[in-house]
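These notes are about the structure you will find just below.
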Amino acid sequence: MSFSTMLMQLSSGMVKSMGIFFWTIILSLPLGLFVSFGRMSKNPALKNIVKVYISVMRGTPLMLQLMIVYYCPFLLFGMNIRTFRFPAIIIGFTINYAAYFAEIFRSGIESMPVGQYEAAKLLGYSKGQTFIKIILPQVIKRILPSITNEVITLVKDTSLAFSLAYMEMFTVAKQIVAKESTFTPFIVAAIFYYVFNFVVAAVMEHFEKKLSYYR
Amino acid sequence: MKILEMNHIHKSFGELEVIKDISLSVAEGEILSIIGPSGSGKSTILRCATMLETINGGEIIYMGEKAAYTDNNGNVIYAKGDKAKKINSNFGLVFQNFNLFPHYSVMKNITDAPIHVQKRDKTEVFNQARELLEKMGLLDKADYYPCQLSGGQQQRVSIARALCMNPKILFFDEPTSALDPELTLEILKVIRDLAKEHMTMVIVTHEMNFAREVSNRIIFMEKGVIVEETTPDKMFNSDNERTKAFLGKYHNMG
Ligand SMILES: Nc1ncnc2c1ncn2[C@@H]1O[C@H](COP(=O)(O)OP(=O)(O)O)[C@@H](O)[C@H]1O
Ligand SMILES: [Mg+2]
């Protein structure tokens, strides 16, 4: 196999890895926010269900969760799951990361001083306005460093999709290494993950800087 | 005309009864000061008046409209929906620790609620905000963020923010206790100026000379009850042993 063919195959894997990454971020952040509402709910049933969900998501391996999501439709309903690979990966990653993000949102929301809510109430803001305009922007600033940590972990975690034989970066690299007895794909993969994370960290730092205009 | 009437207010936190059957009223243009040792329930009565706490008994009436009352079974019923909104637009509260929105500029802190809650005309709101900032001596700080201001400046912004809602009555909960003595004077001057314009105010304060000078009436509270309620001069020449003891302590503290 020529080097350029190898790079072609690897770059198609890169695109797929980035696909997993972006879909997971776009879906799991809002889901995590809603899960955090459930976690903080006054309804004890809802709160406990969410607590169990978060603890299972954090307490079991992501790889195992991916497998279960993937094989479930087949085991439960005998459905054909051949085309289900990508959706299963996105669902698995999303529900896992939403659990982590939910705990981060919760800690941020709970750290807000009650005076902010009281000032907003005195000025007549509705509950929704108070959350969207007053609380959430400040929460985002507070939790951004923790979000950055998770996002960087996610970049590396995308490689777990190899467990469902999804042709992302790591899966492709492993196959080429086995077939061609060359180590180069691993080097390329390492550089890819490193550069990807470097960019992600720079973007997150940019956001943090943008929000540093106030304390 | 009475702006606020509070009748037979009771408030407990769990077992602890903090407000024990307090009644007070404030007429238009009147300035009422509330003094008393710490823990006597001064903040709690303001928080009840501004709906930050729910009362356990009694009634709260703004401009003749019942914000809360106690029914025959002893349940407290609060006004809801649009009626509550209308009632709540009557009052503003200045907090001890300002509670400005740190992510909003001074201007946005002042104008956001008038524009997005009261749905008033933007130009009109900005003009009023600029007037208020000018009065507070902060016109040049309109684009600053709260963290770039001194405590005294922040408190003046929070007063401007409350005033821009055009409240009928403004409550102050120890507006100067988080401030250094020099900064305290800034705030007292602002309140004095408001008094000259006959703004209706209820002020909880430890600044005894200020209370004496600016108020029409003073309430001395202790342990959840009103010990004495009278004019400043009578209060400071009171025969009441508890009043004398409290004011004496302040005198000695200088
Ligand atoms: N949220 C609360 N929960 C329980 N106790 C409270 C609460 N707020 C105030 N208290 C108690 O009520 C009493 C009166 O407090 P407060 O109104 O703050 O007094 P003051 O403002 O006169 O110093 C105090 O004993 C205080 O500990
Ligand atoms: Mg107090």
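The values are calculated or read from the model by the stated rules, or taken from the named source; none is laboratory data. Keep in mind it's a predicted model, so treat the numbers as computed, not measured. In this analysis, Cβ positions are derived from the backbone assuming ideal geometry, glycine residues included, and neighbour counts consider all displayed protein chains. Ligands, DNA and RNA are excluded from the accessible area calculation, which covers all protein heavy atoms including side chains. Shrake-Rupley method; radii C 1.70, N 1.55, O 1.52, S 1.80 Å.
What is segment B:95-241's relative contact order, in percent, from Cα pairs under 8 angstrom and six or more apart in sequence? Normalised by residue count, the contact order of segment B:95-241 is 21 percent. Residues of segment A:118-161 that bury at least 10 Å² of accessible area once all protein chains are present, compared with their chain alone (1.4 Å probe, heavy atoms only, ligands and nucleic acids left out), are A:118, A:119, A:121, A:122, A:123, A:124, A:125, A:129, A:133, A:134, A:137, A:138. Ordering of A:124-132, A:184-192, B:159-167 by packing is B:159-167, A:184-192, A:124-132, highest average first (other Cβ atoms within 10 Å, averaged per residue).
In debye, nearest 20: dipole of chain B around its Cα centre with unit charges on the Cβ of K, R (+) and D, E (-)?
Values: 30 positive and 33 negative charges, 93 e Å.
Roughly 440 debye for chain B.
Legend: mean number of C-beta atoms from other chains within 10 angstrom of residue C-beta atoms, peptide B:112-119, equals 4.
Pairs of alpha-carbon atoms within less than 8 angstrom and 6+ residues apart define the contacts here; what relative contact order does chain A have, in percent? Write down the numbers at each step before the final one.
On the way: 199 pairs, mean separation 62.1, N = 215.
Value for chain A: 29 percent.
Along the axis of the charge dipole computed for the protein assembly as shown (Cβ charges of +1 for Lys and Arg, -1 for Asp and Glu, origin at the Cα centre), the listed residues A:4, B:25, A:107 are led at the positive end by A:4.
In whole percent, how big is the carbon plus sulfur part of the accessible area of segment B:100-165, probe 1.4 Å, protein atoms only?
Numbers: 1230 of 2580 Å².
Whole-percent figure for carbon plus sulfur exposure: 48.
Note on chain B: helix-only mean residue ellipticity at 222 nm, from DSSP H runs of 4+ residues weighted -39500 (n - 2.57) and normalised by residue number, equals -11000 deg cm²/dmol. Is segment A:3-214 rounded, prolate or oblate when judged by the Cα gyration tensor, a ≥ b ≥ c being the square roots of its eigenvalues, rounded requiring a/c under 1.5 and prolate requiring a/b larger than b/c? In terms of gyration-tensor shape, oblate.
Using only atoms on other chains, find how many Cβ atoms lie within 10 Å of each Cβ of peptide B:97-110 and report the average.
Values: counts 3, 2, 9, 3, 10, 8, 10, 4, 2, 0, 0, 1, 2, 0.
Mean inter-chain Cβ contacts per residue within 10 Å come to 4.
Remark: relative contact order (chain B) = 25 percent; criterion is Cα-Cα distance under 8 angstrom and separation of 6 or more residues.
Note the buried accessible area between B and A here, summed over both chains, with a 1.4 Å probe, in Å² to the nearest 100. Present the calculation step by step, with values, prior to reporting the outcome.
Working: alone 12460 and 12390 Å², together 22910 Å².
The summed interface area works out to 1900 Å².
Just how large is the dipole of segment A:3-214 about the Cα centre, in debye to the nearest 20, putting +1 at every Lys and Arg Cβ and -1 at every Asp and Glu Cβ? My answer is approximately 500 debye. Of B:76, A:18, B:145, which is farthest on the positive side of the dipole of the protein assembly as shown, counting Cα position, with +1 on Lys and Arg Cβ, -1 on Asp and Glu Cβ, and the Cα centre as origin? The Cα lying farthest towards the positive end belongs to A:18. Residue by residue along B:76-86, Cβ atoms of other protein chains within 10 Å of the local Cβ number 0 on average. Of A:15, A:69, B:106, A:195, the order by accessible heavy-atom surface (1.4 Å probe, DNA, RNA and ligands excluded), from most exposed downward, is A:15, A:195, A:69, B:106.
Would you work out what percent of the accessible area of segment A:3-214, with all protein chains in place, is carbon or sulfur (probe 1.4 Å)? The partial results should precede the final answer.
Numbers: 7840 of 11040 Å².
With neighbouring chains kept in place, the figure for segment A:3-214 is 71 percent.
Treat each spin label as a single point 7 Å out from the Cα along the C-beta direction, and report the residue B:230 to residue B:185 distance in nm. Placing both labels 7 Å beyond Cα along the Cβ direction yields 3.2 nm.
The 3J(HN,Hα) values that the Karplus relation (6.51, -1.76, 1.60; θ = phi - 60°) gives for segment A:94-100 are, in residue order, 5, 5, 5, 5, 4, 5, 5 Hz. Gly and Pro appear as x. The residues of the protein assembly as shown expose, per residue, 49 Å² of accessible area to a 1.4 Å probe.
For residue B:83, the lysines whose Cα comes closer than 19 Å to its Cα, not counting residues fewer than 8 places off in the same chain, are A:121, A:127, B:2, B:66, B:119, B:168.
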